[in-house]
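Before any comments, here is the structure.
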Amino acid sequence: MEDRALYLIQEARRLPGGISRNTIYHLLRTGQLASAPIGSRRFISAEAIADLIARSTTTVGSSRAATRRKLPDPQVLPPPSPTSVRARFPRAEN
């Protein structure tokens, strides 16, 4: 593939080693990979791909990195709102 400034999403998937379609769209959606919309198409710059590779590079082994990963805080749900007695026991009609 020739060196260019901008690549289509399908072309950019092949550059860092052939990542999946879902992965590249996840990176775009989460802001981990920058893109440039031009008209109705979206392009990824060679600089954005190089930046993604640089940020993804690590010197720690994968088994050690997994143990250090901080898990997100669990979401605490609010307590359920109390329902009225009428809502639980409808009035009997005579």
* Asked: What pairs can you find where one residue is in segment 24-44 and within 19 Å of ALA54 (Cα to Cα) and without any contact (Cβ under 8 Å) to a residue 60 or more places away in the chain, the other is surrounded by 13 or more Cβ atoms within 10 Å (Cβ to Cβ) and among the polar types (S, T, N, Q), and their Cβ atoms are less than 6 Å apart, with a gap of 6+ or different chains?
  -> LEU28/SER35; ILE44/SER35
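Here's the yes/no breakdown for (1) at pLDDT below 85; (2) surrounded by 10 or more Cβ atoms within 10 Å (Cβ to Cβ); (3) assigned to a helix (DSSP H, G or I):
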position	(1), (2), (3)
ASP3	yes, no, no
ARG13	no, yes, yes
PRO16	yes, yes, no
HIS26	no, yes, yes
PHE43	no, yes, no
ILE49	no, yes, yes
* Structure fact -> Counted residues in segment 41-57 being within 9 Å of LEU6 (Cα to Cα) and in contact with a Pro (Cβ under 9 Å, 6 or more places away or on another chain) come to 1
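The values are calculated or read from the model by the stated rules, or taken from the named source; none is laboratory data. Because the structure is predicted, anything quoted here is derived from the model rather than measured. Don't worry about glycine lacking a Cβ; one is built from the backbone with ideal geometry, like all the others, and counts go over all protein chains shown.
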